[in-house]
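Comments concern the structure below.
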Amino acid sequence: MDEPVEIGRRIQRMRTERGLTQRQLAEPKYTAAHVSTLESGKARPSETALRYFAGQLGTTYEELVTGRPAHLATELRLALTDAQRLLATGTPEQAAVRYRELLAEAERLALAPEQAAARTGLGECALEAGQLADARAHFEAAERMLADQPLPRRARAIRGRAVAHLLAGELRYSCYVLETALDELGAGELQDPDALVLLYAAVIAPYMDMGAHARAAHAAEVALALAPQVSDPALVAGMHRSVARTLLAEGRIAEADASLAKAQELYQQLHLRTELAHCHWMRGYVHAQHNALEDAERELRTAAEMLAAKRAPLFTAQVEVELADVLRRRGRHEEAQILLSRLLDLGDARGAVHAAGAHRLLGLIAEDRGDSERAEDHYLSALALLERSGAAGDLADLCRLLGDLLRRMGRTEAAMDAYRTGLGHRAAIGTTTLGPAPGCAAPGGVHLV
């Protein structure tokens, strides 16, 4: 809202343009003297009065208090929706160009909510492009712009920031961000199903990677229960995709496959190609777990090709870790090594958990070739990455592999140390910022967001 003097001048100008006297503008609800006081800028008008005068003047409340025609904000919001569609169907670079244009326009018009929406869109572009530091900066800026708004308005930016931390391997902090928001939502008088489902679905991935399977299962149950109240089909699809992870960890393969099928159908209808690629990714993982390696390779290659076409290098490389494992199991070691090198070229900070997965697979390939020293180097590199990330299930598995290797090399004491470390991580039930989880299943699973 502008200052009283500016609003007063605007009321006077509009009144004069319409050929109204102060009395005609005021009656029957107010007096001419009240209008005179407002036009002089000597008093700050109430919202009720301004809405009344806007109606008398044939304009909108927004235009009366800001001087901006209401249609400008509406047109900007529609353009932001188009930019989001561009991100779904085009490349993150194309969408980012449009979002920057809309951010500049929102700044020119001093429209904070639209600035926040543009910043959130830029954050999602940066996520898809693998630019995690830029993504965090955009999401944090959006949250600052919406600091005085109810949490549901901030949920999309909060979720984005948490995913950026997750992809950087900062699992605990990702949980902290989401748990804090869920606590705030739960403490509010009015529940917002869309915001709750968005955040509960988002927290499943870091819980699973940390080995906090009971917490992940609880989040999935809550999200499923709220799903009938959610109107956004993309949000429902994302929930089904996230829930599939918990079902896979519990061995409920048919249910997980059904959940993925629902997500995939919705993504196809909405033309959301990045999300659809994630469904192919998870289906490939399911096939790999059942030793259907040809089917797994087909699904994973489809996912990798779709993500590469979308210019999403981080996600592409992460799929290729899963694909490399399938190729290794099919005896195609050279192909697997080429794929794994792409992820490691991105740098550890741009996907620590998957970089660890790449080192783990390179260690297995080295073992298959009888190169124990190189295998140990890769396992130790993976261990350092996973300890930084707190991925308990993967740590336990890696320590077992390292211990077995050291035992075969005759280094019994070192092997025992590795086994003890692994048991310690397996025994940890995935504590997070809000205290210990009630329990968890055996560690393991695919790292998807």
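Values quoted throughout were computed directly from the atomic coordinates according to the rules given, and no laboratory measurement underlies them. If you're wondering where the values come from, they're calculated on a predicted model, not measured in any experiment. We place every Cβ from the backbone using ideal geometry, glycine too, and count neighbours over all the protein chains shown.
List of remarks:
- Angle in degrees between helix 112-129 and the longest Cα principal axis of the chain, rounded to the nearest 10: 20 degrees
- Three-way shape call for region 134-242 based on the alpha-carbon gyration tensor, with the a/c threshold at 1.5: oblate
- Here's the list of aspartates and glutamates a cross-link from Lys42 could span, going by alpha-carbon distance under 15 Å and ignoring same-chain residues fewer than 8 apart: Asp2, Glu3, Glu6.
- Entry note: the chain has Rg to Rh equal to 1.12, where both radii use alpha-carbon atoms and Rh is the Kirkwood radius.
- If you take all other residues with their beta carbon under 11 Å from the beta carbon of Gln115, and give Lys and Arg +1 and Asp and Glu -1, the sum is 0.
- Anisotropy class of region 259-307 from Cα gyration tensor, a/c 1.5 cut: oblate
- Inter-centroid distance (Cα atoms) of region 227-269 relative to region 361-413, Å: 34 Å
- In the chain, the longest principal axis of the Cα atoms and the axis of helix 47-57 are about 60 degrees apart.
- Relative compactness, region 1-73, computed as alpha-carbon Rg over 2.2 N^0.38 Å: 0.98
- The packing ranking, built from the mean of other Cβ atoms within 10 Å per residue, places the peptides 195-205, 140-150 in the order 195-205, 140-150, highest first.
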